[in-house]
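Some notes on the structure that comes next.
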Amino acid sequence: MQRLKSRQQFQAVMAGALVAKTPHFALHRVALDAAHESAHAGRALFPVADTWLGVLLPKRWARRAVTRNAIRRQIYEAAREKAHQLPQAALVVRLRTEFSRKQFVSATSDALKRAVRAELNQLLDRVAPKVPAAQAPSACTPVSPELPHAV
C-alpha cells in the first residue's frame, strides 16, 4: 500500500467519486486509470499500480493534534489490515464531523479508538470488492457406505 503525498494526488482523488460515508468519515476513490489520464504529460500521479491511501483530518473537526494523530494511526492500521481486500485505486479517508469531546474526553482513550476502528471497518468494507461465496463442492452424488450383499 502506498501513501498519497502530494497536493496533486489529493486533488485528483477528491475530484473522484464519494463512494462511502459513515457518521464521521467519508471515503473518496478514483481509479488509477482515470488519475493517469488527468495527470500532467510525462508525469504520472500514481506511478505504481497499487492501493494508494491518503488521510484528511481537518482541524475544524479534530482540534487537538493528539486526536488527529490517533485517528490517523487508526486509519492507516485499519487499511493495512484490509490491504488484501482493497482495490488498486487511490483512496482518501476524510473526517467529516467531530467526535464529541464530551463523550471521548481523552484523545488516546480506548473508547475513541474502538469507535474510530468500527467506523473505518464499515467504510473499508464498502469499498472492498465482494468476494463470491465459496463454491459448493462439485455436483457429484454423495457416496453412501456400501452394504454387504446378501448371498
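The values are calculated or read from the model by the stated rules, or taken from the named source; none is laboratory data. No experiment lies behind these values; they were computed from the predicted model shown. As a convention, Cβ positions derive from the backbone with ideal geometry for all residues, glycine included, and neighbour counts pool all protein chains shown.
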Among the residues of the range 36-46, which ones are surrounded by 12 or more Cβ atoms within 10 Å (Cβ to Cβ) and either modelled with pLDDT of 85 or more or not aliphatic (A, V, I, L, M) (or both)?
His36, Ser38, Phe46
Here is a list of conditions, (1) among the acidic types (Asp, Glu); (2) more than 20 Å from Ser6 (Cβ to Cβ); (3) in contact (Cβ under 8 Å) with a residue 40 or more places away in the chain, and Asp50 meets all of them except one; can you say which number that is?
(2)
Which number in (1) in contact with a strand residue (DSSP E or B) (Cβ under 6 Å, 6 or more places away or on another chain); (2) surrounded by fewer than 17 Cβ atoms within 10 Å (Cβ to Cβ) marks the one condition that Glu98 misses?
(1)
Run Ala83 past the list (1) in contact (Cβ under 8 Å) with a residue 12 or more places away in the chain; (2) farther than 24 Å from Ser6 by Cα; (3) assigned to a loop (DSSP other than H, G, I, E, B) and report the number of the one that doesn't hold.
(2)
Total residues in the range 10-23, condition more than 14 Å from the chain's Cα centre (by Cα) and at pLDDT 90 or above:
6
Out of the residues in the range 116-131 that are surrounded by fewer than 18 Cβ atoms within 10 Å (Cβ to Cβ) and out of contact with any Pro (no Cβ under 8 Å at 6 or more places or on another chain), state the one that is modelled with the lowest pLDDT.
Val131
Could you give every pair whose Cβ atoms fall below 7 Å, whose first residue belongs to the range 14-25 and is surrounded by fewer than 18 Cβ atoms within 10 Å (Cβ to Cβ), and whose second residue is small (Gly, Ala, Ser) and not in a loop (DSSP other than H, G, I, E, B), counting only separations of at least 6 or pairs across chains?
Leu18/Ala26
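For (1) out of contact with any Ser or Thr (no Cβ under 8 Å at 6 or more places or on another chain); (2) surrounded by 14 or more Cβ atoms within 10 Å (Cβ to Cβ); (3) acidic (Asp, Glu); (4) farther than 15 Å from Gln122 by Cβ, each residue gets a yes or a no:
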{"position": "Leu56", "(1), (2), (3), (4)": "yes, yes, no, yes"}
{"position": "Arg60", "(1), (2), (3), (4)": "yes, no, no, yes"}
{"position": "Arg64", "(1), (2), (3), (4)": "yes, no, no, yes"}
{"position": "Arg68", "(1), (2), (3), (4)": "yes, yes, no, yes"}
{"position": "Arg72", "(1), (2), (3), (4)": "yes, yes, no, yes"}
{"position": "Ile75", "(1), (2), (3), (4)": "yes, yes, no, no"}
{"position": "Ala78", "(1), (2), (3), (4)": "yes, yes, no, no"}
{"position": "His84", "(1), (2), (3), (4)": "yes, no, no, yes"}
{"position": "Gln88", "(1), (2), (3), (4)": "no, no, no, yes"}
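Looking at Val116, Val66, Val105, which one is farther than 19 Å from Leu32 by Cβ, out of contact with any Lys or Arg (no Cβ under 9 Å at 6 or more places or on another chain), of a type in the set (A, V, I, L, M) and not in a helix (DSSP H, G or I)?
Residue meeting the stated conditions: Val105.
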Those residues of the range 40-54 which are part of a loop (DSSP other than H, G, I, E, B) and closer than 24 Å to Arg126 by Cα, in sequence order
Phe46, Val48, Ala49, Asp50, Thr51
